[in-house]
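Engineer: Below is one structure. I have some questions about it.
The values are calculated or read from the model by the stated rules, or taken from the named source; none is laboratory data. Model, not experiment: these values are computed from the prediction. Backbone-built Cβ (ideal geometry, glycine too); neighbour counts: all protein chains shown.
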Ligand code: HDD
Ligand code: HEM
Ligand code: HEM
């Protein structure tokens, strides 16, 4: 039983982590493509149109990966989490089905039109198809997050005698107080990813002294989007999320902030420290007193419950991972604001394109927004433990009763192998597109 | 309400097999009959331009099934765990074949992805047929051994096959000689459908030859169909009682038969679209006739201990089903509208269309 749960969780974690590498770029990039296309409609400079089409090529490869890794996600609810699906399908099935019917359709139908139909449709309609692709991808994100929000903070349900959850109030699924903050935060975070990708391709072209015209455009756009999104991801959206966790999941809040002992008055904020699970304290701690209470409740002296106030069964089962994931996300967020702020400053002073170290920095920073996004999700998902549906359904009660751990291990290994291959091919193809570059500008 | 959602989901699934069916079929034809590079390229393109928006119907079917019949979704997806995951892998390989082939012009690169596309299409067509066969035949619900359920009555786990490959075994496997026949039927139907699609959408040099091939495949199909009915009556003498009780259900097998008969005249049809419509009838008729023979059961039980799953004992709550109808109707209208817009704009032969690389 124990190892059945373990392999199911591992498989889900692995496949979703791989899946989420792709949608975060899709969602952010679609907005930036719409922006390029819109600029072109306004100023008719061919460069902007080519930029939109260039990123659409990267988008298309990325989208394909999102689709083929996304289908296993949907299947897995049934294959690996059958009991969970059976009990809650009447509720989360709603939002998942809406995602399939409304968003993926929009996205994939109009993506084909955007790619193949420019000459057929004229510029205005072409812009519209691009916009619909954007709408579709953000719509997917919204419905998926509505699903996840219900698992984090269940609302609008009723529990029958046999343990089944039935929907009692449909609109409550969308008025869930968990949903809006996560959606906004998540979308800003994916915008960061795309902004870094765009900026880093720009920096690469400038440093290679190739496609320089485009290099400057990409870098400038990336930095402006990147800076804005980095600020918004921390404040107000990140802050808002943190308040929600403190309110609705106090046990995971204590674990992610690393509060082992409840302090009588205001809680300190931990900047650095390693959780020591044996002695139940943080090693090498550097902390600033009272700040956490202030950030969370705007009261310096407000008490915040530590892990000592919760029963062991209510605490997340992997506290160090949760703690580190949270601090990595927040730490990276701070770094992004710093780097993008600095770049924005030099952009404004018209010096950015010549400052080599900064360009190198931007170029190599690409993996970090991905790391921040994934660790952010680990915070959310590990923090939800030991529940599948917070406070109601334990993770251990959600797995498929008939699928043995050997079978899951077999399929997990299969996914690992297949995804390695996919990842490699993806890199080759994106590399090739970047190498070919956008169409050189006509003079 | 249950009935309504059952019809909606069956419709989505059927549309999925009609649409994605032609690109599975194109893959099968590609694997066996396309020899010249130019033909290979246009055949890949005739599937590659459309597969992802076709696959969306699969996602929609999965999503709505999850929402409307959660118990069925949970039972079937965990019970057919291995074949389903293998289907997922095949879907990935097929998509890779379609998307990656055109990216580099080395012959070897193309050959690899051609095979990836062709073989996975073939296997997928086969497995989808096997899946239908399994649903019709039923499974050992609750994994009953010596009259006692090992699991809750609606859960089960199917091995890929059991030692005698027999559908008569108390715990049948995914693959037995009955489901193999249905799998083969599916391969042949989709190959015919794919061939018609290629003729319709491309100017490939094998178009004329494909008509002869469709004719021959149709003979095979006729034989297989007769065989499957005989075998099926042998396994389950009451298999067709639904049709006897409600004679109007005979429409569905008749749709299938009209497609089958019509295709024998393929060479005399004036427009290519007619033969495509006939193979579409095959798919519609095949799926609906199988479902109608079971109705209202959606997964028969092979033991006497646990009841079969029906649309009534696996459905979500009445309230959930009825609110979902509000968005569902809007959603499905939109689905069809998108599909029509897309097919309109990309109508005609696709040989000269830019593949975007
Ligand atoms: C580029 C990525 C990125 C960056 C820089 C940040 N986040 Fe974040 N964060 C995410 C990407 C992310 C995410 C992956 O998108 C999550 C996971 C779930 C969600 O909706 O967003 C998330 C979730 C998430 C949660 C919810 C955890 C839960 O659901 O239990 C909190 C409290 C924060 N974030 C707080 C912050 C704060 C205070 C940041 C300050 C800088 C911050 N995040 C930066
Ligand atoms: C894309 C970002 C996401 C990432 C990186 C992610 C990550 C994870 C991880 C690491 C686990 C394993 C937790 C553990 O073993 O302790 C997990 C479990 C799970 N997640 Fe997510 N998740 C994401 C989004 C979602 C969403 C949007 C949903 C719901 C729609 C979801 C539903 C689940 C379920 C059902 C499980 C299995 C049960 C469990 O272990 O709690 N996840 N996820
Ligand atoms: C358990 C969690 C998840 C499931 C079940 C899931 C399911 C899927 C499926 C089935 C697809 C392919 C759709 C198609 O055929 O077009 C897909 C793609 C996509 N998913 Fe996920 N997904 C999950 C997590 C997420 C998360 C957390 C997000 C973002 C918030 C997300 C956003 C997207 C987007 C935007 C696409 C479109 C393809 C792309 O953009 O690359 N998914 N997902």
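Engineer: From (1) modelled with pLDDT under 90; (2) within 16 Å of ligand 2 (Cβ to nearest atom), pick out the condition that doesn't hold for residue A:13.
Structural biologist: Exception for residue A:13: condition (1).
Engineer: How many residues are more than 7 Å from every other protein chain (Cβ to nearest Cβ), under 16 Å from residue B:336 (Cα atoms) and within 16 Å of ligand 2 (Cβ to nearest atom) when one looks only at the stretch A:95-119?
Structural biologist: The total comes to 1.
Engineer: Having 2 or more residues that are within 14 Å of ligand 1 (Cβ to nearest atom) and away from every other protein chain (no Cβ under 14 Å) is the bar; report the helices (runs of 4 or more DSSP H) wholly within the stretch A:288-402 that clear it.
Structural biologist: Correct list: A:291-297, A:319-348, A:367-384.
Engineer: For the stretch B:31-50, which residues satisfy the criterion of being farther than 17 Å from residue B:193 by Cα and either out of contact with any helix residue (DSSP H, G or I) (no Cβ under 7 Å at 6 or more places or on another chain) or at pLDDT 85 or above (or both)?
Structural biologist: B:35, B:36, B:37, B:38, B:39, B:41
Engineer: Moving on to the next point. Select from the stretch A:361-418 the residues that are surrounded by fewer than 16 Cβ atoms within 10 Å (Cβ to Cβ) and within 30 Å of residue A:194 (Cβ to Cβ) and list them in ascending order.
Structural biologist: Within the stretch A:361-418, A:361, A:364, A:367, A:371, A:416, A:417 meet the criteria.
Engineer: Is it the case that residue A:52 is more than 11 Å from chain B (Cβ to nearest Cβ), over 19 Å from residue A:416 (Cβ atoms) and either more than 10 Å from ligand 3 (Cβ to nearest atom) or surrounded by fewer than 24 Cβ atoms within 10 Å (Cβ to Cβ) (or both)?
Structural biologist: Against the criterion (more than 11 Å from chain B (Cβ to nearest Cβ), over 19 Å from residue A:416 (Cβ atoms) and either more than 10 Å from ligand 3 (Cβ to nearest atom) or surrounded by fewer than 24 Cβ atoms within 10 Å (Cβ to Cβ) (or both)), residue A:52 qualifies.
Engineer: Just name the residue that is modelled with the lowest pLDDT out of those in the stretch B:335-348 that are surrounded by fewer than 15 Cβ atoms within 10 Å (Cβ to Cβ) and either in contact with a helix residue (DSSP H, G or I) (Cβ under 6 Å, 6 or more places away or on another chain) or farther than 20 Å from residue B:39 by Cβ (or both).
Structural biologist: If we filter the stretch B:335-348 for residues that are surrounded by fewer than 15 Cβ atoms within 10 Å (Cβ to Cβ), which is where we start, we get B:336-337, B:340-341, B:343-344, B:347-348.
Pick out the ones that are also either in contact with a helix residue (DSSP H, G or I) (Cβ under 6 Å, 6 or more places away or on another chain) or farther than 20 Å from residue B:39 by Cβ (or both) and you get B:336-337, B:340-341, B:343-344, B:347.
Numbers: B:336: 83, B:337: 84, B:340: 84, B:341: 79, B:343: 77, B:344: 76, B:347: 70.
The qualifying residue modelled with the lowest pLDDT is B:347.
Engineer: Out of B:7, B:28, report the one residue that is touching a helix residue (DSSP H, G or I) at 6+ places or on another chain (Cβ under 6 Å) and either buried (at least 17 other Cβ atoms within 10 Å of the Cβ) or more than 30 Å from residue B:111 (Cβ to Cβ) (or both).
Structural biologist: Going through B:7, B:28 in turn, just one is touching a helix residue (DSSP H, G or I) at 6+ places or on another chain (Cβ under 6 Å) and either buried (at least 17 other Cβ atoms within 10 Å of the Cβ) or more than 30 Å from residue B:111 (Cβ to Cβ) (or both): B:28.
Engineer: Among the residues of the stretch B:212-239, which ones are in contact with a helix residue (DSSP H, G or I) (Cβ under 6 Å, 6 or more places away or on another chain) and not in a helix (DSSP H, G or I)?
Structural biologist: Passing the criteria: only B:239.
Engineer: Hey, residue B:279 hits all of (1) surrounded by 20 or more Cβ atoms within 10 Å (Cβ to Cβ); (2) at pLDDT below 85 but one; which does it fall short on?
Structural biologist: (2)
Engineer: Looking at the stretch B:49-98, which of the residues that are more than 7 Å from every other protein chain (Cβ to nearest Cβ) and not in a helix (DSSP H, G or I) is farthest from the chain's Cα centre (by Cα)?
Structural biologist: B:69
Engineer: Within the stretch A:134-153, is even one residue assigned to a loop (DSSP other than H, G, I, E, B) and either within 16 Å of ligand 1 (Cβ to nearest atom) or at pLDDT 90 or above (or both)?
Structural biologist: Checked against the condition, which is being assigned to a loop (DSSP other than H, G, I, E, B) and either within 16 Å of ligand 1 (Cβ to nearest atom) or at pLDDT 90 or above (or both), the stretch A:134-153 yields at least one hit.
Engineer: Could I ask something else about it? Would a scan of the stretch B:109-126 turn up a residue that is in a helix (DSSP H, G or I), within 20 Å of the chain's Cα centre (by Cα), at the interface with chain A (Cβ under 7 Å from one of its Cβ atoms) and surrounded by fewer than 22 Cβ atoms within 10 Å (Cβ to Cβ)?
Structural biologist: Within the stretch B:109-126 (the criterion being in a helix (DSSP H, G or I), within 20 Å of the chain's Cα centre (by Cα), at the interface with chain A (Cβ under 7 Å from one of its Cβ atoms) and surrounded by fewer than 22 Cβ atoms within 10 Å (Cβ to Cβ)), the answer is no, since none of the residues qualifies.
Engineer: Right, another one. Tally time: how many residues in the stretch B:99-108 are surrounded by fewer than 20 Cβ atoms within 10 Å (Cβ to Cβ) and facing another protein chain (nearest Cβ under 7 Å)?
Structural biologist: Residues that pass the stated criteria total 1.
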